[in-house]
Amino acid sequence: MSSKVEYNSKESEQKWYSYWDEHNFFHSEVDEREPYSIVIPPPNVTGVLHMGHMLNNTIQDVLVRRARLLGKNACWVPGTDHASIATEAKVVAKLKTEGISKSDLTRDQFLSHAWEWTNEYGGKILNQLKKLGASCDWQRTKFTLDDDMYESVIDSFINLYNKGLIYRGYRMVNWDPEAQTTLSDEEVIYEEKQGKLYFISYPLENSDEKLTIATTRPETIFGDSAICINPKDERFTHLKGKKAIVPIVGRIIPIIEDEYVEMEFGTGCLKVTPAHDENDKTLGEKHKLEVFDIFNPDATLNSFGLHYEGQDRFEARKNFVTELEEKNFVIKVEDYTNKVGTSERTKAVIEPRLSDQWFLKMKDLAKPAIEAVLKSDDIKLHPKKFENTYRNWMENIRDWNISRQLWWGHQIPAYYFGDGEDDYVIAKTKEEALVKAKQKSEKSISLEDLKQDEDVLDTWFSSWLWPMSVFDGIRHPENEEFKYYYPTNDLVTGPDILFFWVARMIMAGYEYTDKKPFENVYLTGLVRDKKRQKMSKSLGNSPDALELIENYSADGVRVGLLLSNAAGNDLLFDEALCQQGKGFSNKIWNAYRLITSWTVDENLLQPESSKKAIDWYSSVFQEKLVELEDHYSKYRISDALMTSYKLVWDDFCSWFLEIIKPGYEQPIDKSTLSAAISLFEDNLKILHPFMPFVTEEIWHQIQKRKPEDALTVSKWPKLHSFDKQIISEFTFASEVISGIRTIRKEKNISFKNKIDLVVINNESANRTMDSIISKMGNIQDLTYSDAGMEGSLTFRVKSNEYFIPVDGAIDVEAEKEKLKEELNYYKGFLKSVEKKLSNERFVSNAPEKVVAIEKQKKEDALAQIETISKSLENL
RNA sequence: GGGUGCGUAGCUCAGUUGGUUCAGAGCAUCUGGUUUACACCCAGAAGGUCAGGGGUUCGAAUCCCUUCGCACCCA
């Protein structure tokens with residue numbers, strides 16, 4: 001035999017991935033078969049594979065490979081997104097190390113650096129996915145900045161603008177001063193931070209009186225335009241209509257009244273800074289206050305900050321407080337914990353800022369998306385529990401700020417031709433814009449007068465089109481591919497981007513096609529370490545994905561990741577699971593080695609035990625196939641894996657192979673071997689989605705096969721009716737064998753010594769499994785009898801009694817003890833059943849079936865008590 | 001502050017609309033075993049007042065209330 005003791009994963013992973021690739025098995029074209037399509041959640045183009053990707057793509061691969069085996073036209077579209085902020089930040093950082101500042105570059109110069117970077121690192125992650133075994137259709141690989149994808153995004157912007165869904169607004173946005181761009185609400189992470197609450201005294205105009213306000217951000221005092229009190233607050237009625245003087249600044253500001261002010265919080269006097277707080281802005285508009293924007297884009301103070309101009313906000317806060325203290329404006333300072341918004345990407349503290357931004361109206365877009373997930377069940381979330389989270393967000397949806405003050409991305413197709421608020425047009429090209437601008441302004445304008453919006457669109461504004469745009473469905477909705485592959489079937493992603501991405505894709509899908517973009521959404525858990533911390537590069541707790549594959553093989557890592565991952569539950573990652581996965585592939589490998597090590601004797605008759613074992617395993621396999629079907633239909637991938645794992649390891653290896661295994665260096669009969677191989681091949685098929693490499697390797701070692709007969713494109717085993725009787729007979733027999741083993745262990749009877757077995761068949765059990773009992777129990781003579789035997793060890797399965805005659809003395813007392821214990825158990829059990837049955841309310845209220853079961857239990861218990869008592873007497 | 005989910009064996013989790021022989025699995029643990037495919041193995045055992053309390057019911061891990069603890073989402 002050429003097969004090695006240990007399976008060489010590295011060799012076969014490389015070999016089979018190229019083989020599949022070479023024969024184009026993963027490529028899909030429109031044909032008459034039923035399509036099965038998945039679009040990959042596009043990772044960041046310059047990203048590297050991490051645990052989350054591995055989990056999520058393993059699940060997708062399992063689904064796709066199974067669909068392929070089921071004979072569907074499986075199409076898994078891979079690709080990457082441009083990750084505007086993340087990539088731009090990386091490029092800026094890289095340029096910095098070269099002594100280049102972004103502000104020194106033109107847009108085009110910067111973009112060529114960004115493309116250089118993208119071309120260098122781009123797609124790396126896709127190659128890493130190949131190592132994992134991902135069966136993507138690589139010929140369809142997409143990137144959100146590909147020309148066709150770019151055009152789709154621009155077309156969609158124009159389309160939505162023309163529908164009146166996109167508008168320009170002067171709004172309070174989340175400003176990331178480090179990246180110098182706005183962020184959507186979803187990109188802001190609120191963190192609890194220890195801060196201080198400063199109580200500051202404001203003098204009143206023409207009076208010696210003072211009032212006190214409380215603020216966490218004293219540096220915004222430069223932007224104060226009013227003091228607000230609650231009209232119901234009797235402490236301050238005398239302040240009505242008066243004016244206060246802003247400390248240091250000297251600005252005279254009105255004291256206004258509004259019920260918005262909480263009387264209990266702070267001092268009951270609120271300073272109003274409309275440019276730097278959302279609520280203050282609302283107050284400002286209501287009371288027509290002046291707006292003083294005191295910050296530069298990098299969150300340093302501008303000229304409103306007086307002698308603090310140019311200082312960073314936090315530095316200015318410190319210095320300004322010192323000055324206020326020196327000049328006796330500070331009453332007291334308290335410790336205060338508040339939630340501070342920080343940027344998901346740069347971790348910088350978010351600065352609320354007023355600026356012109358593009359917004360997408362969400363309310364109407366949300367309607368069909370709510371309907372589809374929560375009412376019609378057109379789209380199903382797995383697990384279902386995420387529906388509540390989804391509802392919560394969708395029903396309180398706010399308009400989406402889609403502009404980003406960045407260069408890397410899809411530049412907004414707005415062209416300005418003047419300084420007025422409304423002096424712009426939306427157009428696909430500058431030339432088109434010129435025509436529109438002339439019309440709108442009714443003036444003569446030249447191309448040079450037009451200036452395109454500097455900003456790009458939020459990355460999610462391109463990925464929300466992904467299931468459509470990868471099939472060119474935005475630009476050419478009538479194309480064959482789009483009509484065939486869309487709607488896609490399943491989407492697999494993490495719950496952390498349920499709103500960022502999933503919900504928005506659903507909205508886009510209905511808006512553009514009136515159809516769902518996918519039918520099922522499988523939300524995986526987040527991968528955490530053993531301490532329940534989320535795995536991330538910054539924490540340094542994430543193992544290197546490729547190193548894991550190196551150590552445990554791709555199959556091992558896939559199995560390891562799936563093993564303990566119920567849908568939606570976080571996965572506590574432990575390398576030991578990969579070890580378990582590797583162990584499993586080794587087990588399969590050795591089962592293969594065993595089978596192929598046997599030599600056939602053509603004249604040998606098939607032993608009865610082998611025949612029974614084949615019948616039994618064929619039935620068990622069918623039973624498990626039904627179970628698998630059920631697990632898959634509910635997206636319980638880890639359960640499907642566990643079912644397969646136990647079927648192959650326990651039923652096939654530990655039972656079936658042990659039963660049919662010929663004696664040492666003995667040959668096997670032909671029909672048993674060929675049945676064993678065929679059953680083994682069925683095993684390989686159901687294992688293939690989980691462990692594509694080792695199964696394909698063995699598949700080809702079993703016999704030489706043509707490319708079109710490769711496992712990856714073979715057929716999933718067919719469901720057919722099966723013999724349930726034989727399964728329960730086998731289960732009974734296995735309990736008998738287990739009883740024999742227990743006796744052997746207790747009494748130190750080596751397995752090599754043959755023993756006799758005598759049965760009192762009180763159960764009238766079928767004797768068809770006797771050959772298996774004899775073989776697995778290493779029984780010399782198996783005989784039936786009506787009476788017990790003296791000088792025997794005994795055990796019982798249901799009410800059947802088994803005797804193993806042994807030489808020498810039997811510890812009668814110990815045997816008695818054992819029987820008494822059993823007797824007590826059944827007596828107690830009988831008592832509880834009788835109690836139930838004597839309860840009239842139970843008998844009259846419980847369903848007939850349940851009562852019948854209880855009666856049956858009583859009968860069984862009585863029978864047990866009788867046989868045990870008899871045995872006791874015999875002793 | 002508002003919302004959602006969770007708490008079952010040492011660990012990670014199943015447990016379908018309340019009802020079959022005193023709650024299951026995998027891993028870990030313990031005991032025994034190896035010249036016979038695999039010690040990445042085989043056979044077996046132990047381990048749980050289903051977070052605490054109360055209620056509904058003939059019957060509750062499952063439904064309701066409440067307390068405690070944890071996680072996530074939103075503001």
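The values are calculated or read from the model by the stated rules, or taken from the named source; none is laboratory data. Since this is a predicted model, take the numbers as computed values, not measurements. Don't worry about glycine lacking a Cβ; one is built from the backbone with ideal geometry, like all the others, and counts go over all protein chains shown. For the accessible areas, the whole protein counts, side chains as well, though only heavy atoms, and no ligand, DNA or RNA atoms are used. Shrake-Rupley method; radii C 1.70, N 1.55, O 1.52, S 1.80 Å.
Quick notes on this structure:
- Overall, the accessible surface of segment A:546-722 at a probe of 1.4 angstrom is composed of carbon and sulfur to the extent of 48 percent.
- Hits among lysines - C-alpha to C-alpha of residue A:318 under 24 Å, sequence gap 8 or more where chains match: A:193, A:196, A:210, A:271, A:327, A:332, A:339, A:347
- By average C-beta atoms within 10 angstrom, highest first, the peptides A:766-774, A:461-469: A:461-469, A:766-774
- Tensor-based shape of segment A:698-842 (alpha-carbon gyration tensor, a/c under 1.5 rounded, otherwise prolate or oblate): oblate
- Order by protection proxy (mean Cβ within 10 Å, highest first), peptides A:510-521, A:372-383, A:273-284, A:159-170: A:273-284, A:510-521, A:372-383, A:159-170
- Solvent accessible area, Å² - residue A:834, 1.4 Å probe, full protein context: 80 Å²
- For segment A:1-91, the list of trypsin sites (Lys or Arg not before Pro) that fall in a loop by DSSP and count at most 15 other C-beta atoms within 10 angstrom reads A:4, A:33.
- Chymotrypsin sites (Phe, Trp or Tyr not before Pro) restricted to segment A:230-283 and DSSP loop, no more than 11 other C-beta within 10 Å: A:265
- Size of charge dipole - segment A:31-182 - debye, nearest 20, with Cβ of Lys, Arg +1 and Asp, Glu -1, no other charges: 540 debye
- Given A:818/A:870; A:281/A:361; A:634/A:715; A:745/A:820; A:90/A:534, the pairs whose alpha carbons are separated by over 18 Å: A:281/A:361; A:634/A:715; A:745/A:820; A:90/A:534
- Computed from phi, the 3J(HN,Hα) profile of segment A:64-78 under the Karplus parametrisation 6.51, -1.76, 1.60 (θ = phi - 60°) reads 5, 5, 5, 4, 5, 5, 6, x, 7, 7, 7, 9, 10, 8, x Hz, with x in place of Gly and Pro.
- Chain A, helix-only ellipticity at 222 nm - DSSP H runs n ≥ 4, -39,500 (n - 2.57), divided by all residues, nearest 500: -13000 deg cm²/dmol
- Dipole axis of chain A (+1 Lys, Arg; -1 Asp, Glu on Cβ), positive-most option in A:784, A:446, A:672: A:784
- Contact order relative to length of segment A:546-722, as percent, for alpha carbon pairs under 8 angstrom and 6 or more apart: 28 percent
- For segment A:471-508, trypsin sites (Lys or Arg not before Pro) meeting the loop criterion (DSSP other than H, G, I, E, B) and having at most 16 other Cβ atoms within 10 Å: A:475.
- Cα gyration tensor shape of segment A:191-340, rounded if a/c is under 1.5, else prolate or oblate by comparing a/b with b/c: rounded
- In segment A:548-669, Rg over Rh equals 1.07, where Rg is the alpha-carbon radius of gyration and Rh the Kirkwood radius from pairwise Cα distances.
- Computed about its Cα centre, the charge dipole of segment A:546-722 is approximately 320 debye, with only Lys, Arg, Asp and Glu carrying charge at their Cβ.
- Cα centroid separation - segment A:408-431 against segment A:186-236, whole Å: 40 Å
- Nearest-ten-degree value, helix A:84-97 long axis tilted from longest Cα axis of chain A: 70 degrees
- Whole-number percent relative contact order across chain A, with pairs defined as alpha carbons under 8 Å at least 6 apart: 12 percent
- Simple rule: put +1 on each Lys or Arg Cβ and -1 on each Asp or Glu Cβ in segment A:340-474, find the dipole, and look at A:470, A:357, A:390; the Cα lying farthest toward the positive end is A:390.
- Among A:135, A:446, A:764, the order of accessible area from largest down is A:764, A:446, A:135, computed with a 1.4 Å probe on protein heavy atoms.
- With K and R counted +1 and D and E -1, the other residues having a Cβ less than 14 Å from that of residue A:298 yield a net charge of -4.
- Accessible area ranking (1.4 Å probe, heavy atoms, ligands and nucleic acids excluded), largest first, for A:107, A:398, A:841, A:171: A:841, A:398, A:171, A:107.
- Relative packing of peptides A:248-255, A:661-668 - highest average C-beta neighbours within 10 Å first: A:248-255, A:661-668
- Computed over segment A:62-134, relative contact order equals 25 percent, with contacts defined as Cα pairs under 8 Å that lie 6+ residues apart.
- Solvent exposure of chain A amounts to 46 Å² per residue of accessible area, where only protein heavy atoms count and the probe is 1.4 Å.
- Positive dipole terminus of chain A, leading residue within A:43, A:379, A:203 (C-beta point charges): A:379
- Of A:849, A:130, the residue with the largest accessible area leads and the full order is A:849, A:130 (1.4 Å probe).
- In the complete set of protein chains, residue-level accessible area for residue A:747 is approximately 80 Å², probe 1.4 angstrom.
- Taking Cα atoms only, the orientation of helix A:692-702 departs from the longest principal axis of chain A by about 30 degrees.
- Within segment A:191-340: Cβ-based charge dipole about Cα centre, in debye rounded to nearest 20 (Lys, Arg +1; Asp, Glu -1): 280 debye
- Helix axis angle, A:637-646 relative to chain A longest principal axis, alpha carbon, degrees: 20 degrees
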